[in-house]
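The structure under discussion appears below in the form of structure tokens.
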Amino acid sequence: MTQLVISDVSKRYGATLALDRVSLSVEAGSRVAIVGPSGSGKTTLLRIIAGFEAPDAGTVTLDGQVLANGPAIAAAHRRRIGYVTQDGALFPHLDVADNLGFGIPRDEPDRAARLCALMELVELDAAMLSRRPHELSGGQQQRVALARALARKPALMLLDEPFSALDTGLRESVRQAVARVLAKAGITTILVTHDQSEALSFADQLAVMREGRLAQAGRPYELYWRPADTETALFLGNAALFDAKIEAVGVSCALGRLAAETGGRRGGGTIMLRPEQFHLSATGPGLEAWVDDVTFRGAQCGVALRAGHEETEIRFTAQISSLEAPQIGDRVFVSIKGAAFLFPAPR
Ligand code: ADP
């Protein structure tokens, strides 16, 4: 069931067109991540959904109820929408119970039980209810902020870069915990992030913004492997791009003949290979290449490669297990795992 429908929403700040006819549908119970470079309009879109800003044009509806129709908007506090920001924005002078209590009416009979249930939902010990925010870690504060937003039983949860202030290790575990909590509560969630890997792992739908427009929306796997254009491809991860000639079967490019779905197209095009598609071996078969550089990244390493000579010289980067890292200057043979992706013809 489609729950949130954003239709042709535009917003201008002076000379800046922050949103340009953005349309997006969000299914009930799903997790959507909005990604895009800084200034692409992500926060503006989230603030319009929350009701902190009015669009100049376009509509926003939630469960059939019109929240915004151009500049005419429903008040933010009437929207049944939770909002968690980067810093959580807990009240520093109140303990956790009172911070959470803000979302629960004072006269609610089972208030204490609800507070404990909320703590359990966000996987925090109820003993922390008496602590002040400064006595909690960054990750714990974010979970309290989430619990406070959940206390209002929102139909939709908006998360604006909620993990970006956390350390890398903690970030991953808090993100997984938050995803678990929201899935358990069955709450539709929209996450704004500039972190591609966070978006790819968190969401079941990804919306890529660029210069105020929705560049592409779809399942993360689909967008990573079948991006609509080279900009989206490079935004979602590293990629090697080559000009290619479309053959009867597959394509040919500087790497040789490669498998690719061509859909019966003819002529030329651009193909993409993700760095993890390159397989390196010390003996053939494969394309002869030379190792220019090796970047150690823990589990994986990046291997900068060079093949061909002078006019035909090409450079690309492979990502392989760091257990198999070659040495700088080594000669290797490169083969391709899976098919190359042929970008759609430009319109
Ligand atoms: P993102 O969240 O993707 O970084 P924003 O939605 O914050 O992007 O901003 C989109 C564009 O709108 C940017 O060019 C930004 O400078 C501009 N903008 C956002 N909010 C305001 C505002 N209140 N006043 C003027 N310009 C704004």
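The values are calculated or read from the model by the stated rules, or taken from the named source; none is laboratory data. Computed from a predicted structure; not experimentally measured. Glycine also receives a Cβ, built like all others from the backbone with ideal geometry; neighbour counts cover every protein chain displayed. Quick note on the areas: whole protein, heavy atoms, side chains included, nothing else; ligands and nucleic acids left out. Shrake-Rupley method; radii C 1.70, N 1.55, O 1.52, S 1.80 Å.
Points to keep in mind about this one:
- Selection from SER321, GLN216, ILE336 lying farthest towards where the dipole of the range 207-339 points positive, charges on Cβ: GLN216
- Estimated inter-spin distance, GLU247 and ARG266, nm [label 7 Å along Cα→Cβ]: 1.8
- Taking chymotrypsin sites (Phe, Trp or Tyr not before Pro) as exposed when their DSSP state is a loop state and no more than 14 other Cβ atoms lie within 10 Å, the longest site-free interval of the chain runs over 103-347.
- Close amide H contacts of PHE278 (hydrogens built in the peptide plane, cut-off under 5 Å, sequence separation of 5 or more or a different chain): GLN319, LYS337.
- For the chain, the longest principal axis of the Cα atoms and the long axis of helix 111-121 meet at an angle of about 10 degrees.
- Measuring between their Cα centroids, the range 101-126 and the range 1-74 lie 31 Å from each other.
- Per-residue SASA entry for ARG315, accessible area with 1.4 Å probe, Å² rounded to 10: 150
- Mean Cβ neighbour count within 10 Å, used as a protection proxy, ranking 139-147, 268-276 highest first: 139-147, 268-276
- For the pair the range 163-187 and the range 305-328, the centres of their Cα atoms are 36 angstrom apart.
- Across the range 188-195, rounded Karplus estimates of 3J(HN,Hα) from the backbone phi angles (6.51 cos²θ - 1.76 cosθ + 1.60, θ = phi - 60°) give 5, 10, 10, 10, 9, 8, 9, 9 Hz, Gly and Pro being marked x.
- Choice from GLY298, GLY101, GLY286 with maximal GNM fluctuation in the chain (Cα, 10 Å cutoff): GLY298
- GluC sites (Glu not before Pro) restricted to the range 294-347 and DSSP loop, no more than 16 other C-beta within 10 Å: GLU313
- Highest-fluctuation residue, LEU200, LEU191, LEU280 considered, GNM on the chain with Cα pairs under 10 Å: LEU280
- Long-range lysine pairs (8 or more apart or interchain), the chain, Cα under 27 Å: 5
- Phi-based couplings in Hz for the range 237-252 (Karplus 6.51, -1.76, 1.60; Gly and Pro marked x): x, 6, 7, 9, 10, 9, 5, 9, 9, 7, 9, 4, 10, x, 9, 10
- Residue among PRO105, PRO133, PRO227 with the largest mean-square fluctuation in a Gaussian network model of the chain, springs linking Cα atoms under 10 Å: PRO105
- Within the range 81-117, backbone nitrogen closer than 19 Å to the virtual label 7 Å beyond the Cα of ALA179 toward Cβ: 84
- Backbone geometry of the range 141-151 corresponds, through the Karplus equation with coefficients 6.51, -1.76 and 1.60 at θ = phi - 60°, to 3J(HN,Hα) couplings of 4, 5, 6, 5, 4, 5, 4, 4, 5, 5, 4 Hz, x marking Gly and Pro.
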